[in-house]
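Enquirer: Right, I'll just put the structure down here and ask away after.
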Amino acid sequence: MFVYHKFTFNNKQYYLKTIRDISVVDSVSKENSKVILNISLVVSIIIIILTLILTSILMNPITKLTKIVKYISSGNYSKRINLKHNKNDELGELSNYFNIMADVIEDKISTLEDENQRKQSFINNLSHEIRTPLTSIIGFSDLLKNMDYNKESFDKGLNFINSEGKRLLNISKLLLHIARLKEENIEFEKVDSSILLKEIYDTMKIKHKSSNILLELHLSSENYLFNINKDMITLAICNLIDNAFNASKENDLIVFGTAEYNNKPCIFVKDNGIGMNEDDINKIFDPFYRIDKARSRKNGGAGLGLSICTEIMNLHDGKIIVESKLNKGTTFYLIF
C-alpha cells in the first residue's frame, strides 16, 4: 500500500511517501470471505431443510385430505380423515366438516342402494304376480278354444279366467292406490278415535257377518283425538282387520281399539290366529310378500295391504309396529 502526501515546511515543499506491505490484511479478508460464504451456505441449507420440514408438516393434512378425496371419488365412501394436529384450526374444521359430508354421502348411497334393491325386488315380484294369472288365463282360454264344447268344463274355465282377471284388476287398483298416496296432498283433521273406531266396527261386522269369527271393539278410558286423514286411517285399520280375519280360525276372537304403546296413544288390532315367526315379521311389509300364499290367493290377496298401511303411516309421520308369535296370534299397533 502506497501513501503519498505533499506539505510545506519553512517555505520548502516536501513530499512524504510511505509504503507498507498489507498482504496479511488481504489474506485475512479472503479468509473472512471464505468463512462468511461457508456460514451462508450452511445457514441456507439449514433454512432450506427447515422450510421443507415445515412445509411437509403443514402440507401433510392437505395431502391426507387429497388422498381421501381420491378414495371417495373412486367410490370408496368408508374412508375418513384423522388428523393428529390441533383440531380447532382451519384444517381441523375442514377435516371435521369433510368427515360429516362423507358420512352423509355414505348414508345417502346406502339408502339409494337399499331403495334400488327394494325397487328391483318390487319389479320382480310384480312381474311374477302378473305373470301367474296371465299364464292361467292364456292356458284356460287356449284349452277352451281347442276343446269340444262341454258346459261344465266351459263354466269352470270361464269362472277361473274371471277370478284371475279380477285378481289382476285388484293388483292394478292397489298399485294405483299406492302411487296416489305418494302424490296426494293430504288434508288432516282432528278425529275422535271412539267415533272413528265405532264406524269401522259397524262396517267390518257387516262385511264379515257370514264368518264365525268374533270381532270386539275395546276403547281405552281416555278418549284420544288424532290429527289424521280419516279416509286413509280407515283404510289402514280395515286392511289390518281383514288380515286378522284371514289369519284366524272359526270361533277365534279379534280385538281392536285404542291403547297406549310406550306412553304414546295408538290404535291396535289383535288376533289369536296363526301368528308369524321372526323371519316373516321382518318381511311382511315388503310388497307382494305373503305368509300363506295359497290362502292369500284364495282370498284374493295380493300382498300389498301392509305396504299400503306403511305408506299411510309414513304420510302421518307415524309408525306401524307388529308383535307376533307363531300359532298364538298377532298384534299390530298404529302409533301417532
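The values are calculated or read from the model by the stated rules, or taken from the named source; none is laboratory data. Since we're looking at a predicted model, the values are computed, not measured. Note: ideal-geometry Cβ built from the backbone for every residue, glycine included; neighbour counts use all protein chains shown. Just the protein is used for accessible areas: all its heavy atoms, side chains included, with ligands, DNA and RNA removed. Shrake-Rupley method; radii C 1.70, N 1.55, O 1.52, S 1.80 Å.
Enquirer: With every protein chain left in place and a probe of 1.4 Å, what is the accessible surface of ASP242, to the nearest 10 Å²?
Expert: Estimated to the nearest 10 Å², ASP242 gives 30 Å².
Enquirer: Could you tell me which of the pairs LYS198/LYS270; LYS230/LYS283; LYS283/LYS325; LYS205/LYS264 are separated by over 24 angstrom between their Cα atoms in the structure shown? Could you put the intermediate results ahead of the total?
Expert: Working: LYS198/LYS270 16 Å; LYS230/LYS283 27 Å; LYS283/LYS325 15 Å; LYS205/LYS264 28 Å.
Over 24 Å Cα-Cα: LYS230/LYS283; LYS205/LYS264.
Enquirer: Please report the carbon-and-sulfur percent of the accessible area for the chain; probe 1.4 Å, protein heavy atoms only, DNA, RNA and ligands left out.
Expert: Details: 12610 of 22770 Å².
Carbon plus sulfur share of accessible area: 55 percent.
Enquirer: Would you please give the residues with an amide H less than 5 Å from that of LEU215, counting only those at least 5 places away or on a separate chain, with H modeled from the backbone geometry?
Expert: ILE254
Enquirer: Could you state the accessible area per residue of the chain in Å², with a 1.4 Å probe and every protein chain left in place?
Expert: Values: 22770 Å² over 336 residues.
Value for the chain: 68 Å² per residue.
Enquirer: Tally Lys and Arg at +1 and Asp and Glu at -1 over the other residues with C-beta under 15 Å from the C-beta of ILE72: what net charge comes out? It would help to have the intermediate numbers written out before the result.
Expert: Details: positive: LYS64, LYS67, LYS70, LYS79, ARG80, LYS108; negative: ASP103, GLU106, ASP107.
Overall, the nearby charge balance is +3.
Enquirer: Let me ask you something else. Where Lys and Arg each count +1 and Asp and Glu each count -1, what net charge lies around SER211 among other residues with Cβ under 12 Å from its Cβ?
Expert: Values: positive: LYS205, LYS207, LYS209, LYS249; negative: ASP242, GLU250, ASP252.
Within the 12 Å Cβ shell, the charges total +1.
Enquirer: What fraction of the DSSP beta bridges in the chain is antiparallel, stated in percent and rounded to the nearest 5?
Expert: Values: 33 of 38 bridges.
DSSP beta bridges in the chain are roughly 85 percent antiparallel.
Enquirer: So who's got an amide H within less than 5 Å of the one on TYR224, skipping anything under 5 residues away but keeping other chains? H placed 1.01 Å off N, in plane.
Expert: Residues meeting the criterion, in which the H sits 1.01 Å from N, are SER193, SER194.
Enquirer: Would you grab the residues whose amide H sits under 5 Å from the one on GLY257? Only those 5+ places off in sequence or on another chain, please, with H modelled 1.01 Å from N.
Expert: HIS218, PHE268
Enquirer: Which residue, chosen from TYR4, GLY139, ASN251, occupies the Cα position most advanced towards the positive end of the dipole of the chain, where the dipole is computed from +1 (Lys, Arg) and -1 (Asp, Glu) charges on Cβ about the Cα centre?
Expert: After comparing all options, I get TYR4.
Enquirer: For a quick protection proxy, order the peptides 60-67, 73-80 by their average other-Cβ count within 10 Å, most packed first. Kindly include the intermediate steps, with their values, before the conclusion.
Expert: On the way: 60-67: 13.9, 73-80: 11.4.
For the peptides 60-67, 73-80, the packing ranking is 60-67, 73-80.
Enquirer: I would also like to ask the following. Calculate the spin-label point distance for ILE281 paired with SER56, positioning each point 7 Å from the Cα along the beta-carbon direction, and give it in nanometres.
Expert: Going by the 7 Å Cα→Cβ label model, 5.9 nm.
Enquirer: To continue, here is another question. Arrange the residues CYS309, CYS238 by how much accessible surface each exposes, largest first, with a 1.4 angstrom probe. Could you put the intermediate results ahead of the total?
Expert: On the way: CYS309 0, CYS238 25 Å².
So the residues, ranked largest to smallest area, are CYS238, CYS309.
Enquirer: Tell me the mean residue ellipticity at 222 nm calculated for the chain from its helices only (DSSP H runs of n ≥ 4, each -39500 (n - 2.57), averaged over every residue, nearest 500). Don't skip to the answer; put the middle values down first.
Expert: Values: 8 runs with 195 residues, N = 336.
About -20500 deg cm²/dmol.
Enquirer: Okay, moving on. Might you work out the accessible area of PHE188 for me, using a 1.4 Å probe with all protein chains in place, and round it to the nearest 10 Å²?
Expert: Counting only protein heavy atoms, PHE188 exposes about 90 Å² to solvent.
Enquirer: If you add up the charges near THR310, with Lys and Arg at +1 and Asp and Glu at -1, over every other residue whose beta carbon is less than 10 angstrom from its beta carbon, what do you get? Provide the component values of the computation, followed by the final result.
Expert: Values: positive: LYS319; negative: ASP286, GLU311.
Result for the local shell: -1.
Enquirer: Considering the dipole of the chain built from charges on the beta carbon (Lys and Arg +1, Asp and Glu -1) around the Cα centre, which of ILE274, VAL35, THR203 is farthest to its positive end?
Expert: Farthest towards the positive end: VAL35.
Enquirer: Let me ask another. Run a plain Debye calculation on the chain (Cα atoms as equal point scatterers, no solvent) and give log10 I(q)/I(0) at q = 0.10 Å⁻¹, rounded to two decimals, same order as the q list.
Expert: -0.84
Enquirer: Right, something else. Only four residue types carry charge here, +1 at the Cβ of Lys and Arg and -1 at the Cβ of Asp and Glu. Report the dipole size of the stretch 1-86 about the Cα centre in Debye, rounded to the nearest 20. Kindly include the intermediate steps, with their values, before the conclusion.
Expert: On the way: 12 positive and 3 negative charges, 88 e Å.
Its charge dipole is roughly 420 debye.
Enquirer: Still on this structure, I have one more. Along the three principal axes, how long is the stretch 1-116 when you take its alpha carbons, biggest first, rounded to the nearest angstrom?
Expert: Principal extents (Cα only, largest first): 120, 26, 22 Å.
Enquirer: Sequence neighbours fewer than 8 away in the same chain don't count; with that in mind, list the aspartates and glutamates whose C-alpha is under 14 Å from LYS319.
Expert: GLU260, GLU311
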